[in-house]
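Undergrad: If you scroll down you'll find the structure; I have some questions about it.
Quick note: the coordinates plus some simple rules give every number you see, no bench work behind them. Note that the coordinates shown come from a computational prediction; the quantities given were computed from them, not determined experimentally. Positions of Cβ are generated from backbone atoms using ideal geometry, with glycine treated the same way; all protein chains shown enter the neighbour counts.
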Amino acid sequence: MTKIVELTKEQEEKLPGVEQEWIEIGLSTITDRNRAERAINKMYEIGELPPPKHLFWFEDPQDAIQRILELSNHSNTDVLSNSICAAIDMGWMAFYWAMREIVGLVEEVSEMEGLFEFAQSAGWLFPYENAAFVVDKPKTIRVDERGNLHSEDGPAMEFAGATRIYAWHGIELSEDLFTGIATGKILPRQIEKIDNTEIRRAAIGLFGEGRYLDMMGAEVVDEVALDDTSEPLGVRGARLLRMNVGALEPVLVIRMINTSNGEVYYETVPPNMTTCKQAIAWHHWDAPENYFPDWEA
């Protein structure tokens with residue numbers, strides 16, 4: 001087999017079409033059970049196994065997982081690791097699809113045929129030697145303009161059963177956090193205590209950044225313009241804020257912008273910080289005089 005070092009210009013021009021095709025497959029809410037069952041049998045055949053003796057269909061992944069746990073000694077982690085999900089696995093499937101459709105590696109990718117068919121016809125598969133547990137595609141999937149799971153007023157993904165996934169621009173939020181913010185039960189002081197940076201950023205976005213800063217009594221200590229080329233890349237667009245909430249001691253927070261994608265982050269910093277560069281350097285375990293990143297991701 002000839003080693004492929006690079007794609008031709010014509011092949012590269014076809015990649016966006018494959019990308020869009022598989023985004024649509026991953027976001028599809030249409031289930032074709034007959035086609036999916038044929039695909040499953042094909043996967044077992046390619047794996048040199050007889051077709052599963054028992055094939056169980058579910059409308060909700062939690063119901064499928066619960067049934068597997070009842071019938072086996074597997075853990076929840078074991079069950080999930082031994083599964084195929086069209087919406088989750090579409091990225092690497094799209095790669096092999098492109099190798100077949102664009103590069104012409106039909107024979108080399110032939111063992112993926114069953115997987116391709118399944119991804120286009122059902123949502124989730126938990127395959128075992130004598131039984132396969134299959135889940136319909138979700139009844140609702142909502143995404144943002146970049147294709148990330150996202151919804152401001154309800155689940156971003158919802159199955160016909162009880163499973164609902166809440167997300168803000170690709171960051172999954174618990175139902176309690178999402179509904180707590182939506183109903184006003186969770187306020188800025190509680191959001192500030194969220195340890196995970198990504199989840200805290202998403203929670204602030206859902207709450208509303210302007211409203212969040214107003215309610216936190218934010219005062220600007222220092223700020224750097226986004227186009228200020230005299231400052232290091234990671235400092236541009238930053239704001240050092242003093243949060244004054246009730247009788248609590250003021251808290252210093254650095255508001256940072258990832259200039260590669262525009263995402264905004266907040267991190268608490270020590271009270272002795274006086275400049276954005278000092279606060280960001282501290283956040284990166286560095287001294288201000290040494291903080292000069294060449295790129296940002």
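Undergrad: Tabulate in residue order the Karplus-calculated ³J(HN,Hα) for the range 224-241, using 6.51 cos²θ - 1.76 cosθ + 1.60 with θ = phi - 60°, rounded to whole Hz; enter x for Gly and Pro.
TA: Once θ is set to phi - 60°, the couplings for the range 224-241 become 10, 5, 5, 9, 7, 6, 6, 9, x, 3, x, 9, 5, x, 7, 9, 9, 10 Hz.
Undergrad: Another one. Given the peptides 122-135, 254-267, arrange them by the average over their residues of other C-beta atoms within 10 Å, most packed first.
TA: The densest-packed peptide leads the list: 122-135, 254-267.
Undergrad: Here's another thing I want to ask about it. On a C-alpha basis, how far is the centre of the range 52-75 from the centre of the range 145-213 in Å? Whole number, if you could?
TA: Computed from Cα coordinates, the inter-centre distance equals 29 Å.
Undergrad: In addition: Please sort 54-65, 207-218, 3-14 by packing, taking for each peptide the average over its residues of neighbouring beta carbons within 10 angstrom, highest first.
TA: Listed from highest to lowest mean packing, they are 54-65, 207-218, 3-14.
Undergrad: If the reach is capped at under 15 angstrom between alpha carbons, list the aspartates and glutamates near residue 53, excluding any in the same chain fewer than eight residues apart.
TA: Answer for residue 53, where 15 Å is the Cα cut-off: 37, 45, 129, listed by chain and number.
Undergrad: Please go through the range 113-149 and write out the trypsin sites (Lys or Arg not before Pro) that DSSP classes as loop and that have at most 10 other C-beta atoms within 10 Å.
TA: Those satisfying the criteria are 146.
Undergrad: Right, another one. Specify the angular offset, from 0 to 90 degrees and rounded to the nearest 10, of the alpha carbon long axis of helix 197-207 from the longest principal axis of the alpha carbons in the chain.
TA: For 197-207 against the chain, the angle is about 80 degrees.
Undergrad: Now, a different point. Take every Cα pair under 8 Å in the chain that's 6+ residues apart, average their separations, divide by the length, and report that relative contact order as a whole percent.
TA: 12
Undergrad: About its Cα centre, how strong a charge dipole does the range 217-297 have in debye, to the nearest 20, once Lys and Arg get +1 and Asp and Glu get -1 at the Cβ?
TA: 220
Undergrad: Sticking with this structure for a sec: With percent of Cα pairs over 25 Å apart in mind, check (i) 49; (ii) 43; (iii) 62 and report the label derived from this structure.
TA: This structure yields the entry labelled (iii).
Undergrad: For the chain, find the longest principal axis of its Cα atoms and tell me its angle to the long axis of helix 86-101, 0 to 90°, nearest 10.
TA: Roughly 60 degrees between the two axes.
Undergrad: Pick out which of 91, 114, 17 has the largest mean-square fluctuation in a Gaussian network model of the chain, springs linking Cα atoms closer than 10 Å.
TA: Of 91, 114, 17, the most mobile in the Gaussian network model is 17.
Undergrad: Can you tell me which of 237-244, 148-155 comes out highest on packing, and rank the rest after it, using the mean Cβ neighbours within 10 Å?
TA: 237-244, 148-155
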